[in-house]
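Below: one structure, written as structure tokens.
The values are calculated or read from the model by the stated rules, or taken from the named source; none is laboratory data. The model shown is predicted, which means the values in this text are computed figures rather than measured ones. Here the Cβ positions follow ideal geometry from the backbone for every residue, glycine too, while neighbour counts run over all protein chains shown.
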Amino acid sequence: MNSRNHHHILASLLDQAYLEVFPAKTILDRLTHIPRHSYVSITCSPVHGLEPTLKLVEQLRALPEKRQLKLIPHIAGRMIRDKAHLREILARLEAARVESVFIPGGDVPKPVGEYDCALDVLRDMAEIGHDIEDVGIAAHPEGNPLVDDLKLMKFLKEKQKYATYLVTQMCFDPQAIVVWLKGIRTAGVSLPAWIGLPGVADMSKLISLSLRIGVGQSVKVLKKQKGLLRKMIGAKPYQPDDLLAGIEPHLSDPEINIPGFHLFSFNDIERTERWRKETFEKFNGVERA
């Protein structure tokens with residue numbers, strides 16, 4: 001496939017990318033930067049729990065039609081008290097006409113209730129029954145500091161029975177992502193893989209966050225990128241252009257099966273959305289030339 005076709009695919013996926021945000025006091029007003037009917041993924045706080053996420057979903061759904069968005073709330077397993085709480089959550093999501101939900105394990109060190117992992121939540125969701133069309137699960141191309149690789153693969157294979165897609169954890173190394181994707185496909189994991197892309201962010205903040213969540217090898221790649229020291233001193237923000245360039249040749253590979261991108265905005269919505277639009281226009285323009 002020639003570069004023009006690669007650019008066309010990349011532009012199409014950027015056009016359909018969805019943005020991850022976390023609940024904050026000003027988030028409703030700041031989401032005015034997002035085009036109507038865009039996908040917005042809403043995280044849950046390990047400090048404040050699930051309630052701010054559910055409230056934000058309900059507030060966004062109550063907005064006028066011209067501001068409606070496609071919502072993907074994160075329902076972290078370790079923040080659900082019990083099965084009755086899960087039933088209540090599902091009822092609220094269905095009342096808000098949520099069509100997609102993301103079920104991670106959660107970052108809290110100690111579960112608030114009966115659920116220790118996402119797999120148990122997924123099983124109970126299936127038993128309870130729900131009308132949510134798509135269910136996403138987390139995946140870790142560079143591993144997880146709390147779980148070894150063999151267990152991660154085992155969990156991924158078991159969870160895919162209850163899910164319709166996966167989202168990869170933030171990673172700065174395109175080769176690591178591609179190699180990992182080929183590996184899980186060989187192991188029998190066939191779920192469509194939405195690639196987690198770091199959005200626009202200050203470099204020092206990005207490296208600090210990456211180390212906290214265990215994205216160690218990717219940080220080494222990030223630090224090797226040309227001009228890193230200058231970027232940090234000059235406070236020039238990171239943009240995932242190099243990462244996109246490394247992934248782009250593989251987007252048309254049906255074996256890898258990448259349907260889109262998940263943009264981690266770190267609530268820097270304005271800069272990340274501006275980058276997405278500008279990058280889309282650049283590649284779409286090349287395709288039209």
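A few remarks follow.
- The residue list Leu152, Leu122 contains one member that is closer than 17 Å to Arg185 by Cα, in a helix (DSSP H, G or I) and hydrophobic (A, V, I, L, M, F, W, C), which is Leu152.
- Segment 91-107, residues that are without any contact (Cβ under 8 Å) to a residue 60 or more places away in the chain, of a type outside the set (Gly, Ala, Ser) and under 22 Å from Trp194 (Cβ atoms): Leu93, Arg97, Val98, Glu99, Val101, Pro104
- Members of segment 64-81 found to be within 27 Å of Tyr115 (Cα to Cα) and not in a helix (DSSP H, G or I), listed by number: Leu71, Ile72, Pro73, His74, Ile75, Ala76, Ile80, Arg81
- One residue from Leu10, Leu71, Leu31, Leu86 being crowded, with 19+ Cβ neighbours inside 10 Å, without any contact (Cβ under 8 Å) to a residue 40 or more places away in the chain and not β-branched (Val, Ile, Thr): Leu71
- The set of residues in segment 43-59 being out of contact with any Phe, Trp or Tyr (no Cβ under 7 Å at 6 or more places or on another chain) and under 17 Å from Val98 (Cβ atoms) consists of Cys44, Leu50, Glu51, Pro52, Thr53, Leu54, Lys55, Leu56, Val57, Glu58, Gln59.
- For segment 244-276, taking the residues that are part of a helix (DSSP H, G or I) and among the β-branched types (Val, Ile, Thr), the one that is surrounded by the most Cβ atoms within 10 Å (Cβ to Cβ) is identified as Thr272.
- Selected residue (only one of Asp120, Asp124, Asp134 is of a type in the set (Asp, Glu), at pLDDT 95 or above and touching a Lys or Arg at 6+ places or on another chain (Cβ under 7 Å)): Asp124
- Gly106 being at pLDDT below 95, under 25 Å from Pro259 (Cα atoms) and crowded, with 21+ Cβ neighbours inside 10 Å: yes
- For Ser45, the test of being buried (at least 16 other Cβ atoms within 10 Å of the Cβ) and in contact (Cβ under 8 Å) with a residue 24 or more places away in the chain is failed.
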